[in-house]
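The values are calculated or read from the model by the stated rules, or taken from the named source; none is laboratory data. Note that this is a predicted model, so its numbers are computed, not measured. In this analysis, Cβ positions are derived from the backbone assuming ideal geometry, glycine residues included, and neighbour counts consider all displayed protein chains. Heads up: the accessible areas ignore ligands, DNA and RNA and are worked out on the full protein's heavy atoms, side chains in. Shrake-Rupley method; radii C 1.70, N 1.55, O 1.52, S 1.80 Å.
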Amino acid sequence: MSINNSRQVKAIIFFGPDGAGKTTQADMLLARLSESGIRCKKFWLRSPHTLAYLLWRLLFKLGKYRIEKNHVGKEFYALSLKNRYTKVIWSIVEFISIIPHILRFYMLINSGYVVIAERYVIDTIANIAYFIDDKSFITSKMANMIARLVPKDTLLIYLDADYYTVVNRRGNLAEPSTYIEIQRYTYEYYSLLFNPLKISTTKYSKEDVNRIILQYLNNYLAS
């Protein structure tokens, strides 16, 4: 397959719930574009990072966490922040903590690479909303500021999967259903704003998903 690059694309950003196939598709796309002679780099951004991670460890030791369980009873830990002010402070710390990674993302673009992001800022927004246990964060000014870090000339690909599919793929490592629900809630909201390519990986094999993505990329570059 020949990639027509008459139109510039700076980054290809995946988002979707854990278990939807983002890692698989990012790796397949990286290999395919590299074979076509396109300089690519894979990128990953989520949270917590750097300062936020250190603060999370401190709060964990202080007992400021809640426990949620997945379908087999495996325990997962998230913050337990009780008031609006601590939630706002945490979201600010998260934002500050991703800045070094955002700078690296843009440095790769400025160096001439097509950046294939397995996760990017939309995933960060979903994680913050889950950590502070507040869906309203998704529509907040802070979330809007973070979402603006998606550059122009970017392809966004939303890979979706229901919780049953996630459990089948990830087994005992599947996150709690509450986590997947808030992820999907976030992704549905931002899919309305960004109008990404949306694929339900529940319905297609990984090879079919890859073909859909490559065709979408070719159509975009040729337009």
**Asked** If you go through the range 92-114 one residue at a time, do you hit one that is part of a helix (DSSP H, G or I), modelled with pLDDT under 95 and aromatic (F, W, Y)?
**Response** yes
**Message:** For the range 93-109: of the residues being in contact with a helix residue (DSSP H, G or I) (Cβ under 7 Å, 6 or more places away or on another chain) and open to solvent by 50 Å² or more (accessible area, probe 1.4 Å), which is farthest from A143 (Cα to Cα)?
**Reply:** P100
**Message:** Only one of K61, K42, K74, K87 is of a type in the set (D, E, K, R), surrounded by fewer than 15 Cβ atoms within 10 Å (Cβ to Cβ) and under 24 Å from I180 (Cβ atoms). Can you tell me which?
**Reply:** K74
**Asked** For the range 1-80, list the strands (runs of 3 or more DSSP E) that sit wholly inside it and hold at least 1 residues that are over 23 Å from I128 (Cβ atoms); which are they?
**Response** 11-15, 40-44
**Message:** Filter the range 196-216 down to the residues that are in contact (Cβ under 8 Å) with a residue 12 or more places away in the chain and either open to solvent by 50 Å² or more (accessible area, probe 1.4 Å) or assigned to a helix (DSSP H, G or I) (or both) and list them by number.
**Reply:** K198, T202, K206, V209, N210, I212, I213, L214, Y216
**Asked** A117 passes all but one of (1) exposed (fewer than 15 other Cβ atoms within 10 Å of the Cβ); (2) modelled with pLDDT of 95 or more; which number fails?
**Response** (1)
**Request:** Confirm whether P48 is touching a residue at least 24 places away in the same chain (Cβ under 8 Å), crowded, with 21+ Cβ neighbours inside 10 Å and over 30 Å from Q215 (Cα atoms).
**Result:** yes
**Item:** Test: A147 is in contact (Cβ under 8 Å) with a residue 24 or more places away in the chain, in contact with a Gly (Cβ under 7 Å, 6 or more places away or on another chain) and within 19 Å of R119 (Cα to Cα)
**Value:** no
**Request:** Inspect the range 124-140 for any residue being at pLDDT below 95, part of a loop (DSSP other than H, G, I, E, B) and either aromatic (F, W, Y) or closer than 15 Å to Y53 by Cα (or both) and give the result as yes or no.
**Result:** yes
